There are 2 protein chains.
Amino acid sequence: MVQIPNTSASAPPAQRSVPTSADVARLAGVSRATVSYVLNNTSAVRISEPTRRRVHEAAEELGYVPHAAARSLRAGHSRMVLMPAPAIPVGPLHGQFLNELQWALSRLDYTVVQHGALGLHGDDAARAWAELRPVAVLVPGQGLGPQGVAVLKRSGARAVVTLGPTGVEGAHALLMDHATVGREAARHLHARGRRRIGVVVPEESGLEAYSTPRLDGVRQALRGTDAVVTELPLGYTEEAAARLAARWRGLGLDAVFAYNDEYAMLLMRALQDEGVRIPEDTAVIGADDLMLGRLLRPRLSTVHIELPSGRELAELVDRAVRDPGAAPERHEVLGATVVHRDSS
Amino acid sequence: MVQIPNTSASAPPAQRSVPTSADVARLAGVSRATVSYVLNNTSAVRISEPTRRRVHEAAEELGYVPHAAARSLRAGHSRMVLMPAPAIPVGPLHGQFLNELQWALSRLDYTVVQHGALGLHGDDAARAWAELRPVAVLVPGQGLGPQGVAVLKRSGARAVVTLGPTGVEGAHALLMDHATVGREAARHLHARGRRRIGVVVPEESGLEAYSTPRLDGVRQALRGTDAVVTELPLGYTEEAAARLAARWRGLGLDAVFAYNDEYAMLLMRALQDEGVRIPEDTAVIGADDLMLGRLLRPRLSTVHIELPSGRELAELVDRAVRDPGAAPERHEVLGATVVHRDSS
DNA sequence: TTGAAAGCGCTACCAT
DNA sequence: ATGGTAGCGCTTTCAA
């Protein structure tokens, strides 16, 4: 049976089939090889100027766009850097970091792709990512185990970088120990004479990854002192905050680290409505240093968090891709400093 | 020259090459065809149970993961739904929408991918997306022109959906006319007797897509009335807000629609610090109905925005993919309702 | 029930 | 300077 060429006039114009480099070659009257040379500016081969023009014109006319899958199949590798799409809305801090990162990786000629597979977890997710044969994978959180790393590496990923509290065997790690945040908050409160310290723990799921280490950090910092830590579960609603505030005096707390600025604002308002004076009766400190915290009265004290620059991570990725054999790097990258304002 | 097989003992174990279905076949002692049948559960072919087991075991042992590019190259299409990664940190509203969408598309067996190419614009971006041969492309904003749509369709995209103020020739559209937001805000202020109405326009770039239509909406709603609209450029800093507040009385405004709740909170605080009484001297209304607006005193009035459900869009995508010939659908999907609290 | 082989679109080697 | 062609990993007819 004769293969009907793409350019067959019998094809309905409504759904023209996708032009390939062969179509371009045919139209330009050259070979597919020449098309490839021209469109990729292959320096090892010199193509005459008229030919180049004809090829470019043909490509233009057909609206030819190279097929990335075919290309990377042939090349045996891609320049795709994959990361899972964040499952929870990402704050301005993390958002800026992500943007920097994507920009920096683009500059290094990588294609950045966020894979949105919210249903998958752990090694299933790793397998799904591996199908795309990314050259590097960046994984926030701690969903990935050594198995997952192995799957990714076996399927050609030259760099796997985790961003989270703990590293993983075989992968590079940007260690972001949120315990530091809790520690700084606790030290601050303790230094200012507070001893009965509450720690808000959000009830919203997906936040445990941050809230647990932040709570642990508080406990660490206060270990061996005379301070007492009270865990305060709190849903992100006015009602929940009001309920917590209603039993506040009974709790006998003189300070609270409220997980982050948003929970802090929520709780602070509820406390004020309840007649609790801040900071006299209870000191309040948040985290993340949101602009909005400065708008409250009293202004909200907070823990300013410093993330690594996106450029930094991009360079780590690039280094790792270039030398996949190198020992995994581990960097402690989360800076936390108290910004003392008026609420504590 | 003899081709050294993948399993050659001469390969350094440190960098084993990626296992292919041929490797699985070899290990299981069957043909590549059989491997494909087994791993894809091809119903048209019956494979004996022992063979199935051997294949699965071999795949497991090698850590085999199919190569998505090769598969879709062969198949002639993919199930990838592509969308550009948001360039600005996305709020809780949009964030939830995105998550729903990804979840719903995953359920429909699509692979959702966010393409992070912050450097590219318009048709360049479209070309970059087209290289990945997605079966559908979702584009927020108005960066995409008819040219871009054409490129995408010619390269095999069976559905292109824009999400933004205006549709594009040839593409489906979820029309999100932010003018509605401004209109509702303006109507509310006007109904409450305000006549000299300021509209905050953020100076931060990337927000024009929202701020311009919101401003236009205010103008529309007030056209033909005795109200006067004043445009108020404002950067998202305390200093800028203080500067604006300092010249507030000179502006002679009795109301302000502050773009969104965050700018509203920023401005409201600055006005209060300046001694401007809210709402007596100046009414303030924001938009987005953030939780935080309820924490201010007075509580912030706002325009609650209703986005379509992610499921809805996922179904539109699926419909369009199944029937690419159908006429582009256009849906007006942005709901806006004033939530009147105490600041207006 | 299983295997052989073609071919998806592309690039890079080797000829000419 | 340009063309022929092999082969990347996969699925799917067709044959056995």
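The values are calculated or read from the model by the stated rules, or taken from the named source; none is laboratory data. Owing to the predicted nature of the structure, the values given are computational and were not obtained by experimental measurement. In this analysis, Cβ positions are derived from the backbone assuming ideal geometry, glycine residues included, and neighbour counts consider all displayed protein chains. For the accessible areas, the whole protein counts, side chains as well, though only heavy atoms, and no ligand, DNA or RNA atoms are used. Shrake-Rupley method; radii C 1.70, N 1.55, O 1.52, S 1.80 Å.
At-a-glance table
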item: For B:Gly29, label point 7 Å along C-beta direction: distances to other copies, nm; result: 6.0
item: Neighbouring partner chain Cβ atoms per residue of A:60-73, average, 10 Å criterion; result: 6
item: Solvent-accessible area per residue for chain A (1.4 angstrom probe, square angstrom); result: 46
item: Loop-resident sites, region B:227-288, for GluC sites (Glu not before Pro), counting at most 10 other Cβ within 10 Å (DSSP); result: B:Glu280
item: Unit charges on C-beta of K, R, D, E only; dipole of the protein assembly as shown, Debye; result: 1560
item: Inter-copy separations for B:Glu49, label at 7 Å along Cα-Cβ, nm, ascending; result: 7.4
item: Chain A: proportion of alpha-carbon pairs further apart than 30 angstrom, %; result: 53
item: Cβ crowding within 10 Å averaged over residues, with B:321-332, B:60-71 ranked highest first; result: B:60-71, B:321-332
item: Selected from A:Ala209, A:Ala25, A:Ala320 as most flexible by GNM, with chain A as the system and alpha-carbon contacts under 10 Å; result: A:Ala25
item: Residue with peak Gaussian network fluctuation, chain A [Cα springs, cutoff 10 Å], from A:Ser78, A:Ser31, A:Ser155; result: A:Ser31
item: Nitroxide proxy distance, nm - points 7 Å out along Cα→Cβ at A:Asp273 and A:Ala246; result: 1.1
item: Solvent-accessible area, 1.4 Å probe, carbon plus sulfur percent, for region A:21-66; result: 47
item: Local net charge near A:Gly310, Cβ-Cβ under 14 Å (Lys/Arg +1, Asp/Glu -1); result: -3
item: Potential extension, B:Asn40-B:Asp281 segment - 0.36 nm per residue separation minus Cα distance; result: 79.8 nm
item: Shielding by other protein chains, A:83-90, mean Cβ within 10 Å; result: 5
item: Largest-first ellipsoid semi-axes for the protein assembly as shown, taking √(5λ) over the Cα gyration tensor eigenvalues, angstrom; result: 50, 35, 21
item: Accessible area buried, both sides summed, chains A and B with 1.4 Å probe, Å²; result: 5000
item: Mean residue ellipticity (222 nm) of chain A, computed from DSSP H runs ≥ 4 via -39,500 (n - 2.57), nearest 500; result: -12000 deg cm²/dmol
item: Apportionment of accessible area to carbon and sulfur, region A:179-306, percent (1.4 Å); result: 45
item: Distance in nm between pseudo-label sites at B:Ala75 and A:Glu57 (7 Å out along the Cβ direction from Cα); result: 4.0
item: Gap separating the Cα centres of region B:198-265 and region A:50-112, nearest whole Å; result: 38
item: Neighbourhood charge, 12 Å Cβ-Cβ cut-off, centred on B:Val333 and excluding it, Lys, Arg +1 and Asp, Glu -1; result: -4
item: Highest-fluctuation residue, A:Leu266, A:Leu307, A:Leu295 considered, GNM on chain A with Cα pairs under 10 Å; result: A:Leu295
item: Net charge of neighbours whose Cβ lies under 12 Å from the Cβ of B:Gly145, counting Lys and Arg as +1 and Asp and Glu as -1; result: -3
item: Ascending list, in nanometres, of distances separating the B:Gln220 label from those of the other copies (7 Å, Cα toward Cβ); result: 5.4
item: Distance between region B:153-187 and region B:114-132 - C-alpha centres, whole angstrom; result: 18
